[in-house]
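**Student:** Here it is, the structure, as structure tokens.
No lab work stands behind these numbers, since they all come straight from the coordinates. None of these values were measured; they are calculated from a predicted model. Here the Cβ is made from the backbone with ideal geometry for all residues, glycine too, and neighbour counts use every protein chain on show.
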Amino acid sequence: MTSAPDLKTKAAELPDAPGVYLMKDERGRVIYVGKAKSLHNRVTTYFQEGGLSWRAATLAPRIRDFETVRTDTEKEALLLENSLIKRHRPRYNVLLRDDKTYPYIRLAVKTDFPRLEIVRRTKPDGAAYFGPFSSTSSMRQTLRLVQRLFPLRQCKRDDVFGVDRPCLNHQLGRCSAPCAGLISAADYRALVDEVLLFFQGRNQTLTKALEEKMRQAAQRLDFETAGRYRDRLRAVTRTLEQQKMVLKDARDLDVLGLARDRGQSQAVLLFIRRGALLGHRNVALGATETPDEEAAASLLGQYYGQDHFVPDEILTPVGLEDAALLAEWLSQKKGKKVSLHRPRRGPKRALVELAETNARAALAERLRAADLSLEAQTELVHRLHLPAPPRRIEAFDLSTHQGDTPVGAMVVLEERTWCKSDYRRFRIQSASGRDDYAMMYEVLRRRLTQEDLPRPDLMLLDGGRGQLAMAQAVIRDLDIAQAPPLAALAKGQEGAPDHVYLPGRKNPVNFKPGSPGLLLLMRVRDEAHRFVISYHRRSRRLKTVRSVLDDVPGVGPARRKALLRRFGSVEAVRAASLDDLTDTPGLTAAAARSVYSFFHAGE
């Protein structure tokens, strides 16, 4: 693998051209896929000294090599990025884990006698598609209603004609029987047009058309036909009154909502068709440090890349860096203009807030489902060979940036709740920040020599068999007679479930994907990852601040902390007056004059 200085040099040599880059860890696994308008400008940001972005803080410490693929245009880079994310399923990308396809109602309007049918994919075949429906039962209920109001044929026969007598659906009033010649092609086309108006929400046009047909039939003294139009008009009116209209806009909209909690992320898409809220889709994003702006763009690219229905407008809770590029790509897929918009106020902003509320509710439900349930306890006892259900689980993780500011952290899940009073942070003191194994050894040794904490029922490490070996070495060196059970959790490759390793066992434990026990271990691991990353970011910020305040004569750790507590940043300390500095608790008058003189020596 390439060393950190070589990575910086390698990035500096990249061309100023669009493309896709793949970041790899020490095992050569792809951990992140990104696109760039300029490969040089984007990739070099990962290796900038003192960078505090999520890329520098989260990804850079784990990158050991990278490769790039140049493309001719940004749009090609967008398509290639979606393809590579789907293939590699990198740990730090937003992943559309739920590949379920939602049903649509299809009407082949270009055929002579089309029928309504249920499909799972939309195609550019000239047919009209209505949906998607998040609930199959609600979709079938809608289909039955439409078939009762507008009696299109239901048979799947390719040859519509040549039938001696119509089927039972005609006798029940649910088919106009074109097979028996009981309706002309023109009248059947008019029926199809009414179905289109109904699904498109063009209510006034539909009701006026039915009223006109009823009036014309009555003028011809065809009272039986007029009665059928009257009954259909009444049924349509009642149905339209029951629809929940959330927007006066007659266009099709999708609304995105995002939520984060306890290291997990959730997205919700609301489907609004012709002003009516048709349904929604929950998308579990898992644990990700990706900022909301990039998470939203990646999610939309993956979702609409699966041939889902593309609406006229997409509302997002955050601004997207590549909004124009996404809109251009979606417009090409749809064949007409598609806009992406972040509303600031008004009815559309209320829709975004509704989507975010649904996302928070879905995430809370998912987290509750991953709690330490009886089923999860039972599975952990069986799979990990534990003597009893794990009442207390401690998880450990590490973080560093190219060997700089190495830290470790421990989180505790006890009796189904996060025991935050027992969380611990470890500033690495003796181990090198480039040696993950030595860092884990130091963290575990310091933890197991702390006598103020109870013995865990399970110690969970972020890593593979190498980290387990470090834990066993600590237990052996400390001569611990009754050592706690150990397990290590590592990310699986290319969409495979996470691997759980045990001491003395070469192959990982056989957990089923999505099993309660595995979800519990993943949740605890993700909380440890969130906690150590936040600690590492704060440590790097404090190190940057200390490099300035440490040069002030007469200011030690206590006074530096007092200054930052009072003013919040070095720039605010620099701008403070002598009186403000003197009034700072913990600073003497002499120390205040020293700070003021240090920042204003040239004045």
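**Student:** By the gyration tensor of its Cα atoms, with a ≥ b ≥ c the square roots of the eigenvalues, what is the shape of segment 4-88: rounded for a/c under 1.5, prolate for a/b over b/c, or oblate?
**Tutor:** It comes out oblate by the Cα gyration axes.
**Student:** Treat the count of other C-beta atoms within 10 Å as a stand-in for reagent exposure and order 418, 329 from fewest to most.
**Tutor:** Exposure proxy ranking, most exposed first: 418, 329.
**Student:** Rank these for me by crowding, 269, 221, 587, 143, going from fewest to most other beta carbons within 10 Å.
**Tutor:** 221, 143, 587, 269
**Student:** Please order 280, 341, 385, 401 by the number of other Cβ within 10 Å, starting at the fewest.
**Tutor:** Starting with the residue having the fewest Cβ neighbours, the order is 385, 341, 280, 401.
**Student:** First check a/c for segment 374-537, with a ≥ b ≥ c the square roots of the eigenvalues of its C-alpha gyration tensor; if it is under 1.5, answer rounded, and if not, answer prolate when a/b is larger than b/c or oblate otherwise.
**Tutor:** Rounded.
**Student:** In degrees, nearest 10, range 0 to 90: what is the angle between the Cα axis of helix 203-219 and the longest Cα principal axis of the chain?
**Tutor:** The helix 203-219 is inclined about 10 degrees to the chain.
**Student:** Quick one: angle between helix 589-599 and the longest Cα principal axis of the chain, in degrees between 0 and 90, rounded to 10, please.
**Tutor:** Tilt of helix 589-599: around 60 degrees.
**Student:** Another one. Once the piece of chain linking residue 108 and residue 216 is laid out straight, how much longer is it, given 0.36 nm per residue of separation minus the C-alpha distance between them?
**Tutor:** Difference between extended and current length: 36.0 nm.
**Student:** Can I ask one more? Would you mind checking the tilt of helix 465-477 against the longest principal axis of the Cα atoms of the chain, expressed as 0 to 90 degrees and rounded to 10?
**Tutor:** 30
**Student:** Then there is this: Using R₀ = 41 Å, calculate the FRET efficiency as 1/(1 + (r/R₀)^6) where r is the Cβ-Cβ separation of residue 67 and residue 465; round to 0.05.
**Tutor:** Plugging the Cβ-Cβ distance into 1/(1 + (r/R0)^6) gives 0.95.
**Student:** Still on this model: If you place +1 on the Cβ of every Lys and Arg and -1 on the Cβ of every Asp and Glu, how big does the dipole about the Cα centre of segment 550-599 come out, in debye to the nearest 20?
**Tutor:** 160
**Student:** Kindly write out, for segment 577-583 in residue order, the coupling ³J(HN,Hα) from the Karplus curve 6.51 cos²θ - 1.76 cosθ + 1.60 (θ = phi - 60°), rounded to whole Hz, with x marking Gly and Pro.
**Tutor:** Ordered by residue, 3J(HN,Hα) equals 7, 4, 5, 5, 5, 5, 7 Hz.
**Student:** 5 Å is the cut-off here: which amide hydrogens, built 1.01 Å from N in the peptide plane, fall below it relative to residue 115, excluding neighbours closer than 5 in sequence?
**Tutor:** Those lying under 5 Å, H to H, from residue 115 are 108.
**Student:** Related question: Say the cut-off is 19 Å between C-alpha atoms; which of 86/512; 123/334; 35/348 go over it?
**Tutor:** From 86/512; 123/334; 35/348, over 19 Å: 86/512; 35/348.
**Student:** If you don't mind, there's one more thing I want to ask. What Kirkwood Rh does segment 550-599 have if only Cα atoms enter the pairwise 1/r average? Answer in Å.
**Tutor:** 10.4
**Student:** Let me ask something else. Explain nothing, just compute: Karplus ³J(HN,Hα) = 6.51 cos²θ - 1.76 cosθ + 1.60, θ = phi - 60°, for every residue of segment 181-198 in order, whole Hz, x for Gly and Pro.
**Tutor:** Karplus-based 3J(HN,Hα) across segment 181-198 equals x, 8, 8, 7, 4, 5, 5, 5, 5, 5, 5, 4, 4, 5, 4, 4, 4, 5 Hz.
**Student:** Further question on the same structure: In sequence order, what are the phi-derived ³J(HN,Hα) couplings for segment 333-338 according to the Karplus relation 6.51 cos²θ - 1.76 cosθ + 1.60 with θ = phi - 60°, rounded to whole Hz, with x for glycine and proline?
**Tutor:** 5, 7, x, 7, 5, 10
**Student:** Follow-up question, since we're still on this one. Does segment 298-347 come out rounded, prolate or oblate by the C-alpha gyration tensor, with a ≥ b ≥ c the root eigenvalues, rounded set by a/c under 1.5 and, if not, prolate when a/b is larger than b/c and oblate if not?
**Tutor:** Prolate.
**Student:** What's the magnitude of the charge dipole for the chain around its Cα centre, counting Lys and Arg as +1 and Asp and Glu as -1 at the beta-carbon? Answer in Debye, nearest 20.
**Tutor:** That gives a dipole near 1360 debye.
**Student:** Using modelled backbone amide H atoms (1.01 Å from N, in-plane), which distant-in-sequence or interchain residues come within less than 5 Å of residue 458's amide H?
**Tutor:** 392, 394
**Student:** What's the extension gain from residue 419 to residue 333 if we count 0.36 nm per residue and subtract their Cα-Cα distance?
**Tutor:** Full extension from residue 419 to residue 333 adds 26.0 nm.
**Student:** Let me ask something else about it. Please name whichever of 285, 233, 521 sits farthest to the positive end of the charge dipole of the chain, dipole taken about the Cα centre and charges placed at Cβ: Lys and Arg +1, Asp and Glu -1.
**Tutor:** Checked the options; the winner is 233.
**Student:** Per DSSP H run of at least 4 residues, take -39500 (n - 2.57); add these up for the chain, divide by its residues and hand me the 222 nm value, nearest 500 deg cm²/dmol.
**Tutor:** Per the formula, -13500 deg cm²/dmol.
**Student:** Can you tell me which of 313-324, 574-585 comes out highest on packing, and rank the rest after it, using the mean Cβ neighbours within 10 Å?
**Tutor:** So the peptides 313-324, 574-585, ranked by packing, come out 313-324, 574-585.
**Student:** Still on this model: Taking the Cα centre as origin and putting +1 on Lys and Arg beta-carbons and -1 on Asp and Glu beta-carbons, what dipole magnitude results for segment 4-88, to the nearest 20 debye?
**Tutor:** Using only the charged Cβ atoms, the result is roughly 320 debye.
**Student:** Also: Amide H of residue 285: which non-local residues (sequence gap of 5 or more, or other chain) have their own amide H closer than 5 Å, using H built in the peptide plane?
**Tutor:** 265, 266, 267
**Student:** Note the listed values (1) -0.63, -1.10, -1.19; (2) -0.61, -1.24, -1.35; (3) -0.44, -1.33, -1.52, then indicate which one is log10 I(q)/I(0) by the Debye sum over Cα atoms at q = 0.07, 0.12, 0.13 Å⁻¹ calculated from this particular structure.
**Tutor:** (2)
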